Structure formats: C-alpha cells, structure tokens
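Worksheet for the structure shown next.
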Amino acid sequence: MKKHSFAQWLVAVRPWSFPASAMPVAVTLAYLLWRGEAIDWLAGVWAFVNIVVFHAAGNVWSDYFDFRKGVDAEDTFGAKTMTSGEFSPREMLRLAIGLLVVALVLGVGLMLMTDWTLLWFGLAGALTVLLYPRLKYSALGDVDIMLAYALLPTLGTSFVATGALVWEVLWIAIPIGLITVAILHSNNTRDIATDARAEIKTFAMQLGRRISKGVYAFEVLAPFALIATYVVLGMLPVWALLTLVAMVPAWQGVRDMLRHDDASTEIIANLDERTAKLQLVFSLLFTIAFVIAYFV
C-alpha cells in the first residue's frame, strides 16, 4: 500500500463541496442571533465541525460505491481518486468508515453537552450518509441531499444552539437547500449518458436533459425570489437582500446549463464545483446580512 500525503487525502474528501453542509449551520446561527435567541456558541461551532466531518465521510462513501458500480470510470467527469489508481477502493472504504466513526463520536459528545433528543438527528444524519448511494441510484438522491444538507442541519443547529427546536429556521433552509440540491443536479445532468451506461437511475435521467436544464435554473434562481418574498412579508430583515449579489454567478451557471447539449457536456464539466462556490457566496452574504441587521 503506497503512502499518501495529507494534501492527497484532503483532495480525496472533496473539500470544495463542504459549503453545502457548513454554510446552513453558519446561516442558522446568524439567523438565531438576529432573532435575539440566547446562543450556546460552543455547541454551535461543534455542530459546524461535526457536520463537515459527516459530509467528508459521505463524499468518500459515495465515491467508493460510484467506483464499484461503474458510475465513475476513466472516461467520466466524476471523482478520479480511484479511477486514476491514486487510491485503492479498500483505502477509500477505510477512510469513509474512519470519518464516519469520528463524526459519530463528535455527535455523541455534542449530545452529552446538550440533550438526548439530538440522538434522533444523529441517527437521521448517519442514515442519509449510508443510504445515499442506493437512494441516488433510485432517483431519490436529491431528496436525500435536501434532508441531509438543509432541513436537518438548520433544525438541528437551532436545537443545539438554543436548547429548543426553532421551526422557523426551515424557512431559510429552503433557499439554501435548493442551491445545495442544484450541486448534485448539475452533476447528474452532466452525467446522464455515463450514468445510463452504469445502469443507475438519477432524478436528472428520469426528467431527461431538456427538463433537467429548467430544473437547475429553478433551483439556483428561486432562492433569490424566496428571499425577496420573505423580506416583503417581514420575515427577514431588509439586509437579506444582500444575497441578490450572488445572482451574478448564479446566472452564469444557468446560462451554461441552458447552452449545453449531449455533444457539449464539457461546458458544465465543473458546474457542480461552481454551484458549490455559489452556495458559499450566497450563504456568506446571507450570514453577513443577519449579523449586520443584529448590530444596526
């Protein structure tokens, strides 16, 4: 077994995707601050780290099964950690299990700091990781991602940070979650042909390329309409309109998605990474908006 550098191990967990899990926690904490809630910041930061480790485990777990299933191959745009021969499937499986164990230990520690109710969030989170490959291959991956990286993180963060479930955080989970799901959807739309070869069924495959383009456009543009609506209804501070700045990279991604076809998938080859960056920008602006609104 050849040795790997820390940088190689880091690349193997796909850190570019971490905004999808980390930013919902950050936005939730900022939202709770704006609401004037008493926040346990140690528990909040702990939750932030915990979900990123869970996410890393999920990435490697998914890559392992994608390789075994033939979804990722030498001629696909997917993860190259195993198709290039850099890592063996055995190494990736061990990494996934190791990260999942660390995530579970961190989760138990957080539960002991807060309340046993958190156990249900931990179990649900673990299931979304373990079942993701099977759900993805059955056109349910998008549902899993919305649950794992939008609904559970925002609601769970509200619980560990305040000691109670703040159901209103689900309103902010929706726009964040739509962009997160768009990360997966852009990936699956790009890979429709190669995924069909691997004999799996993704949501994008079920819709077809033409409709999938429109779905991606909705997923990355609807959040801005939602934020504007929330502000008009008085549910969010006017500063939340700062998120509209992120419409620039959002539209660039939509433009490329609408332009591509079966013969030009290279246009959206890295659209999943670009959508993750969009998530980072959108959520950072969202977080900053709540902090400004709290102090102004």
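The values are calculated or read from the model by the stated rules, or taken from the named source; none is laboratory data. These figures come from a predicted structure and were not determined experimentally. So basically every Cβ, Gly included, is an ideal-geometry build from the backbone, and we count neighbours across all protein chains shown.
Can you name the residue in the stretch 122-157 that is among the aromatic types (Phe, Trp, Tyr) and surrounded by fewer than 22 Cβ atoms within 10 Å (Cβ to Cβ) and is also farthest from Met205 (Cα to Cα) among such residues?
Tyr132
Pairs, please: C-beta under 6 Å, at least 6 apart or cross-chain, first residue free of Cβ contacts under 8 Å to residues at least 24 places away in the same chain and over 14 Å from Leu104 (Cβ atoms) and in the stretch 49-72, second of a type outside the set (Phe, Trp, Tyr) and assigned to a helix (DSSP H, G or I)?
Listed pairs, sorted by first residue: Asp72/Asp66.
Looking at Gly85, is it over 22 Å from Ser138 (Cβ atoms) and not hydrophobic (A, V, I, L, M, F, W, C)?
Against the criterion (over 22 Å from Ser138 (Cβ atoms) and not hydrophobic (A, V, I, L, M, F, W, C)), Gly85 qualifies.
Condition check: on the phi < 0 side of the Ramachandran plot and assigned to a loop (DSSP other than H, G, I, E, B). Does Asp72 satisfy that?
yes
Would you mind telling me which numbered condition in (1) part of a helix (DSSP H, G or I); (2) out of contact with any Gly (no Cβ under 9 Å at 6 or more places or on another chain); (3) touching a residue at least 40 places away in the same chain (Cβ under 8 Å); (4) β-branched (Val, Ile, Thr) Ile39 fails?
Ile39 satisfies all of (1) part of a helix (DSSP H, G or I); (2) out of contact with any Gly (no Cβ under 9 Å at 6 or more places or on another chain); (3) touching a residue at least 40 places away in the same chain (Cβ under 8 Å); (4) β-branched (Val, Ile, Thr) except (1).
Taking the stretch 53-82 only, how many residues are modelled with pLDDT of 85 or more and surrounded by fewer than 19 Cβ atoms within 10 Å (Cβ to Cβ)?
Qualifying residue count, the stretch 53-82: 1.
Given the criteria farther than 19 Å from Ala182 by Cβ, charged (D, E, K, R) and surrounded by fewer than 23 Cβ atoms within 10 Å (Cβ to Cβ), does Asp256 qualify?
no
Answer yes or no: is there a residue in the stretch 219-233 that is closer than 30 Å to Phe65 by Cβ, loosely packed, with under 14 Cβ neighbours inside 10 Å and either among the β-branched types (Val, Ile, Thr) or free of Cβ contacts under 8 Å to residues at least 12 places away in the same chain (or both).
No, because not a single residue in the stretch 219-233 is closer than 30 Å to Phe65 by Cβ, loosely packed, with under 14 Cβ neighbours inside 10 Å and either among the β-branched types (Val, Ile, Thr) or free of Cβ contacts under 8 Å to residues at least 12 places away in the same chain (or both).
Looking at the stretch 33-54 only, could you name the residues that are under 26 Å from Ala126 (Cβ atoms) and more than 22 Å from the chain's Cα centre (by Cα)?
Ile39, Asp40, Trp41, Leu42
Being in a helix (DSSP H, G or I), farther than 22 Å from Thr162 by Cα and touching a Ser or Thr at 6+ places or on another chain (Cβ under 9 Å) is true for just one of Met23, Met92. Which residue is that?
Criteria check complete, one pass: Met92.
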